[in-house]
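Just below is one structure, and these are the notes that go with it.
What follows is calculated from the coordinates using simple rules that are stated; it is not laboratory data. Small disclaimer: the values here were computed from a predicted structure and weren't measured. With ideal geometry, Cβ positions are generated from the backbone for all residues, glycine too; neighbour counts draw on all protein chains shown.
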Amino acid sequence: MGVALGLWIWACGANAADPGAVPRTVILISIDTLRADHLGCYGYAHPTTPYLDRFREDAVQFTQAIAASNSTLTSHASMMTSLLVQQHGAAFARHLALSSRFLTVAGVFRQHGYRTVSFNDGGMLAAEYGIGNGFDVYRSSRPTLRFHFAPIVDQAIAWLDAHPRGPLFLFLHTYEVHHPYTPDPRYLALMEPPYHGALPAAETDMPTLIAINEGRLPAGPRDRAHVVATYDGEIRSMDEAFGRLISFLERQGRYDPALIVFTADHGEEFGEHGVMGWHGHTLYDELLRVPLLVKFPYGAHAGLTVASQVRGIDVAPTLVAALGWPQPEQFRGADLTPLVRGQSPIPRLAVSKFDTRPDTSIRTGAWKLYDGRLYDLRGDPGETRDVAAQHPEVAAFLTRRLRALVAERPASAGPKVELTGEERERLRSLGYLP
């Protein structure tokens, strides 16, 4: 695969042949509630992501990336600390922040002299919840009932324009594709023909989703397709903003030498297991399988596809390894660059958990154990048939491993979170508070 990872430089005239160098621009992008299978580069038929699909040509695509949780705070805490949910203890339902005693990937970059900056949509990522630990600049968007990635991108571009080009770790996050789904009409028109039915024609608001899921508003196949189309329209809007960020980096000469990771914290359910337009209540793959695209500097490994199972907790170790730094002792995830280099994968279990409920799943590339039920993912990717009785040895093995893993507890519980009225309103608009 050519040049070894971790040997990069960001400077005038630099290229992939320069030895002993590291990328000075590292960008991590997390799109809240983004399903992998609704992106063009993951095989989706609708035109949701033309700019991301183009970016994929320069990146390594991981087709089986599994989130640590089905909830924003817990999943991002795992992504940032490379710890499982039960190991870091951050929990929105109990108003527990991520403890400052845990080292985040931002903290690692700061230790190595990088400026660490984030522009995000707050909510469960508000500074009070501890995800901002390790950042020099951590700015959440002003409270609003509608979220868009474009203002986040605008803030990032303005900051990049206004500051000298030093070593930088940049984290961007948006709730744009999170419910409620309120796409611009031009994006919705790309996803479906004009809709005429019982649901709002231009958007899918929270009362509509609640009424559908409570059975008070009957929704047939065409109505449900409309809900999905409004979600897809939000993805297209996000993609336009992503494309604008990439264009800016290209114009500034920052794109080629940069290390860029695009991912999500969890997905969304559209009736696969009984709920429409919601998440945080099950651990099926529509909520856990997320996109993961990694663009290494100067086109290294561009276009490669990795089919082995990987995890959200592997993101931080991979970034650290790409910089050539030693892995922090705290990290429990794995560096993914050996997979990128074509080395034989070491089977690793993906464990996903609610923030407070005991429900936990454990997954190999072929099997998944969830709530005592065993699914053969090779023949039943939709997780519809429990085969524990037919494969008791597999169920027993995964049960033993799961019990050992969930027995771990955080070394330090985070502080209780007291939110401002504005942040409460923001969380209420996202359906997290009554």
**OP:** Compute the convex hull volume of the Cα atoms of the chain, divide it by the residue count, and report the result per residue in Å³ as a whole number.
**Re:** 136 Å³
Subject >> Beta bridges per DSSP with both ends in the chain, % antiparallel, nearest 5 >> reply: 50 percent
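Averaging over all projection directions, find the projected area of the Cα convex hull of region 270-366 and quote it in nm² with one decimal place.
Mean projected area of the Cα convex hull: 8.1 nm².
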Subject >> Cα-centred dipole magnitude for region 164-309, charges only on beta-carbon of K, R (+1) and D, E (-1), debye, nearest 20 >> reply: 520 debye
Subject >> Residue among Ala300, Pro347, Pro328 farthest towards the positive dipole end of the chain, charges placed on Cβ >> reply: Pro328
Subject >> Calculated FRET value between Asp256 and Val137, using beta carbons and R₀ = 22 Å, to 0.05 >> reply: 0.35
Original post:
In what sequence do His281, His148, His76 fall when counting other Cβ within 10 Å, fewest first?
Top reply: His281, His148, His76
Original post:
Helix-derived [θ] at 222 nm for the chain: sum -39500 (n - 2.57) over DSSP H runs of at least 4, divide by residue count, nearest 500?
Top reply: -8500 deg cm²/dmol
**OP:** Give me the distance in nm between label points sitting 7 Å out from Cα along the Cα-to-Cβ direction at Glu329 and Ser247, one decimal.
**Re:** 4.9 nm
Original post:
Want the number for Asp37 to Arg373: 0.36 nm per residue separation, take away the alpha-carbon distance, what's left?
Top reply: 118.6 nm
Subject >> Size of electric dipole in the chain: Cβ of Lys, Arg +1 and of Asp, Glu -1, about Cα centre, debye, nearest 20 >> reply: 1000 debye
Original post:
Label points 7 Å out from Cα along the Cβ direction at Asp386 and Thr420: separation in nm?
Top reply: 4.8 nm
Original post:
If you place +1 on the Cβ of every Lys and Arg, -1 on the Cβ of every Asp and Glu, and leave all else neutral, what size is the dipole of region 13-170 about its Cα centre, to the nearest 20 Debye?
Top reply: 360 debye
**OP:** Rank these for me by crowding, Ser118, Ser69, going from fewest to most other beta carbons within 10 Å.
**Re:** Ser118, Ser69
